[in-house]
Amino acid sequence: MKSDIDNTVTGRITRELADRIIAGHIAPGTKLRQDHFAEEFGASHVPVREAFRRLEAQGLVVSEPRRGVRVASFDIAEVREVAEMRASLEVLALRHAAPHLTSAILDEAEAINRAGENAPDVRAWEEANRAFHRLILTPCSMPRLLATIDDLHAASARFLFSGFRMEWEAPTDQDHRAILKALRERQFDVAAATLARHVKWIGTKPGTKTRSRTLS
């Protein structure tokens, strides 16, 4: 999912299928048929095919010669890879964004964090979490970097959702609070180090419910 809203047919199909995959409504390994989704969305095969390509770029589906497109599976190695990539790229974005973060932006980020801490379910929490990260990183003004980070967030959301199928308790996000505090005090190295540590926790095995730790 990209930072800018894509209101094209392809964008709409991509968002809907990504949401279904992330939420677990389409299981790993499921084959995705162009004709099925073209009929469902009242579209030709062209935007569906492009949506599949975008989903593949996000790591949500895989395309195999003569076997078509299927929902990607994931294992602990992939989880760790995504966590490492997110940590490195988000720190890069934050270092470029930090000098441009105003008090108004940080106040908005704090409000978003409070909303996440009061989220009624993991889906609402994930939306608030993604909004928090996007808000403090966007002033880096590096669209390619932000687009890649958005794709990694989509993959991370999948891992998170897989661990919270049956029960949910909104976390208190101490790391987000610490990041905001450091940014307000212009301690950019502290903010970057806290962000890196914060993101890397997802490298632990998905599905483990660790309420004592902070979600990312």
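What number of residues within the range 24-57 satisfy the criterion of being under 19 Å from residue 127 (Cα atoms), assigned to a helix (DSSP H, G or I) and open to solvent by 20 Å² or more (accessible area, probe 1.4 Å)? Walk me through it before giving the result.
Pass one, the range 24-57, residues under 19 Å from residue 127 (Cα atoms): 24-25, 55.
Still in the list and also assigned to a helix (DSSP H, G or I): 55.
Retained after the next criterion (residues that are open to solvent by 20 Å² or more (accessible area, probe 1.4 Å)): none.
The qualifying residues number 0.
Name the pairs whose Cβ atoms lie under 8 Å apart, with the first residue in the range 19-46 and in contact (Cβ under 8 Å) with a residue 60 or more places away in the chain, the second open to solvent by 50 Å² or more (accessible area, probe 1.4 Å) and charged (D, E, K, R), and 6 or more positions between them or separate chains?
Sorted first by the residue in the range 19-46, then by its partner, the pairs are 23/123; 24/165.
Determine, yes or no, whether residue 82 is modelled with pLDDT under 90, in the same structural domain as residue 158 (by TED's automatic domain parsing) and within 18 Å of residue 158 (Cα to Cα).
Yes, satisfied.
Just a yes or no: is a residue in the range 56-68 among the hydrophobic types (A, V, I, L, M, F, W, C), touching a Leu at 6+ places or on another chain (Cβ under 6 Å) and more than 30 Å from residue 186 (Cβ to Cβ)?
Yes: one or more hits.
So that you can scan it fast, the table gives a plain yes or no per residue for (1) assigned to a loop (DSSP other than H, G, I, E, B); (2) β-branched (Val, Ile, Thr); (3) farther than 24 Å from residue 200 by Cα:
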position: 17; (1), (2), (3): no, no, yes
position: 63; (1), (2), (3): no, no, yes
position: 73; (1), (2), (3): yes, no, no
position: 90; (1), (2), (3): no, no, no
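Please find, among 138, 148, the residue that is within 23 Å of residue 19 (Cβ to Cβ), in a helix (DSSP H, G or I), open to solvent by 40 Å² or more (accessible area, probe 1.4 Å) and at pLDDT 95 or above.
So the residue among 138, 148 that is within 23 Å of residue 19 (Cβ to Cβ), in a helix (DSSP H, G or I), open to solvent by 40 Å² or more (accessible area, probe 1.4 Å) and at pLDDT 95 or above is 138.
Given the criterion of a type outside the set (D, E, K, R), in the same structural domain as residue 140 (by TED's automatic domain parsing), in contact with a helix residue (DSSP H, G or I) (Cβ under 9 Å, 6 or more places away or on another chain) and touching a residue at least 24 places away in the same chain (Cβ under 8 Å), identify the matching residue among 55, 92.
Answer to the selection: 92.
In the range 101-135, what residues are farther than 19 Å from residue 174 by Cα, of a type outside the set (A, V, I, L, M) and free of Cβ contacts under 8 Å to residues at least 40 places away in the same chain? Quick ask: steps written out before the conclusion?
Start the filter on the range 101-135 by keeping residues that are farther than 19 Å from residue 174 by Cα, which leaves 101-104, 123.
Keeping just the survivors that are of a type outside the set (A, V, I, L, M) gives 102-103, 123.
If the condition is that a residue be farther than 19 Å from residue 174 by Cα, of a type outside the set (A, V, I, L, M) and free of Cβ contacts under 8 Å to residues at least 40 places away in the same chain, then 102 is the only one that fits.
Just give me the residues in the range 103-157 being among the polar types (S, T, N, Q) and touching a Phe, Trp or Tyr at 6+ places or on another chain (Cβ under 7 Å), in sequence order.
113
Quick check on my filter: what residues within the range 96-119 are under 16 Å from residue 137 (Cβ atoms), open to solvent by 30 Å² or more (accessible area, probe 1.4 Å) and of a type outside the set (A, V, I, L, M)?
96, 99, 100, 102, 108, 110
Restrict the check to the range 106-127 and report whether at least one residue is assigned to a helix (DSSP H, G or I) and closer than 17 Å to residue 196 by Cβ.
No, there is no match, as no residue in the range 106-127 is assigned to a helix (DSSP H, G or I) and closer than 17 Å to residue 196 by Cβ.
The values are calculated or read from the model by the stated rules, or taken from the named source; none is laboratory data. Fair warning: this is a prediction, and the values are worked out from it, not measured in the lab. Note that we place each Cβ from the backbone using ideal geometry, even for glycine, and neighbour counts take in every protein chain shown. Heads up: the accessible areas ignore ligands, DNA and RNA and are worked out on the full protein's heavy atoms, side chains in. Shrake-Rupley method; radii C 1.70, N 1.55, O 1.52, S 1.80 Å.
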